[in-house]
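Q: My questions will all concern the structure given below.
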Amino acid sequence: MSEKILIVEDEVALQETLAYNLKKQGYEVEIAGTGPKGLEAARSNHPDLILLDIMLPGMDGFEVCRILRQEMITPVLMLTARDDEIDRVVGLEVGADDYLTKPFSMRELVARVKAMLRRVRLIRQEIEETSTQAPPAIEILKFGNLEIDITRREIRMDQIPLNMKPQEYELLLYFAQHQGKVLSREHIVEFVWGWEYMGDSRTVDVHVRWLREKIELDPSNPVRIVTVRSAGYRFEG
């Protein structure tokens, strides 16, 4: 079955260009021209990937992404109209998985789409294999009131499961497996996001901020995920 991509973009010429190139790659494509219609299409058709423009009529891409993140974990590739750092940062903060600045080449867009969908397939494959295998021995990493249940891919604080996106879980697990070691942003991107990831290391900072909000008593003064100036991060447990 072909993977489904939802394009939420109001510029007709770009809609058609994106749809044409993605269909050539064998993807099933749906188009929405406004923020509200994009939300409706995502909810009803459950795409495998969403290409989301920022400047949309009815509701901007930031708000669409924020709402989507409350309801689903479908990867979102945000399309920004200008090379403005604040747009990229806000996009990541509301839950986008990657971003691409206009104008961009179709070759680069298709490469990013393939890389993001490949990660989705690997996660699904892992879930399917786990569900068909005999129950494995329970493996839990414990750090005070924080638990990482590797068997169930679950993070708990005081025995209460936390709502984590897959990439947040992977990042925290990687930190925990390298407790006490200073990890550079570039190193983290390579081993958590994969060498195919084409974004920059700023996404690490955004995901660390999200994790701190969930596992730190005082996120503004973190004691578990510590910033090492000019070097990266260190997980203290």
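Q: Tell me which label goes with the value of Rg/Rh (Cα atoms, Kirkwood Rh) computed from the coordinates here: (i) 1.02; (ii) 0.94; (iii) 0.98.
A: (iii)
Q: Can you give me the relative contact order of the chain as a percent, contacts being Cα pairs under 8 Å and 6 or more apart?
A: 12
Q: What FRET efficiency would be calculated for the residue pair Phe104, Val182, taking the C-beta separation as r and a Förster radius of 41 Å, to the nearest 0.05?
A: 0.75
Q: Output the relative contact order of the stretch 1-90, whole-number percent, from Cα pairs under 8 angstrom with separation of 6+ residues. Please report the intermediate quantities before stating the final value.
A: Details: 143 pairs, mean separation 25.9, N = 90.
After rounding, I find 29 percent.
Q: Separate question: Rounded to whole Å, give me the distance from the Cα center of the stretch 96-117 to that of the stretch 25-43.
A: Centre-to-centre (Cα) distance: 16 Å.
Q: According to the Kirkwood expression over distinct Cα-Cα pairs, how big is the hydrodynamic radius of the stretch 140-235, in Å? If you can, show how the numbers build up before the last one.
A: Values: mean 1/r = 0.0736 Å⁻¹.
Roughly 13.6 Å, rounded to one decimal.
Q: With runs of 4+ DSSP H residues as the only contributors, calculate the mean residue ellipticity of the chain at 222 nm using -39,500 (n - 2.57) per run, divided by the residue total and rounded to the nearest 500.
A: Mean residue ellipticity at 222 nm (helix-derived): -13500 deg cm²/dmol.
Q: Checking the table Lys102/Lys181; Lys4/Lys142; Lys23/Lys214; Lys4/Lys102 against a 32 Å threshold on Cα-Cα, which pairs fail? Walk me through the intermediate numbers first.
A: On the way: Lys102/Lys181 38 Å; Lys4/Lys142 39 Å; Lys23/Lys214 40 Å; Lys4/Lys102 23 Å.
From Lys102/Lys181; Lys4/Lys142; Lys23/Lys214; Lys4/Lys102, over 32 Å: Lys102/Lys181; Lys4/Lys142; Lys23/Lys214.
Q: Once the cut-off is 24 Å, how many percent of the Cα-Cα pairs in the stretch 4-129 end up in the long-distance tail?
A: 20
Q: Which shape class applies to the stretch 1-67: rounded if a/c is under 1.5, otherwise prolate when a/b exceeds b/c and oblate if not, where a ≥ b ≥ c are the square roots of the Cα gyration tensor eigenvalues? Each step should come with its number before you reach the end.
A: Values: a/c = 2.41, a/b = 1.37, b/c = 1.76.
Note, shape of the stretch 1-67 comes out oblate.
Q: Calculate, in nm to one decimal, what Glu16 and Glu128 gain on full extension: separation in residues at 0.36 nm each, minus their alpha carbon distance.
A: Separation in residues times 0.36 nm, less the Cα-Cα distance, equals 36.8 nm.
Q: For Gln70 and Glu28, FRET efficiency with R0 = 30 Å and r from the beta-carbon atoms, rounded to 0.05? Let's see the in-between values first.
A: Values: r = 25 Å, r/R0 = 0.84.
FRET efficiency, Glu28 to Gln70: 0.75.
Since every read-out is calculated from the coordinates, none of them should be taken as a lab result. Since we're looking at a predicted model, the values are computed, not measured. With ideal geometry, Cβ positions are generated from the backbone for all residues, glycine too; neighbour counts draw on all protein chains shown.
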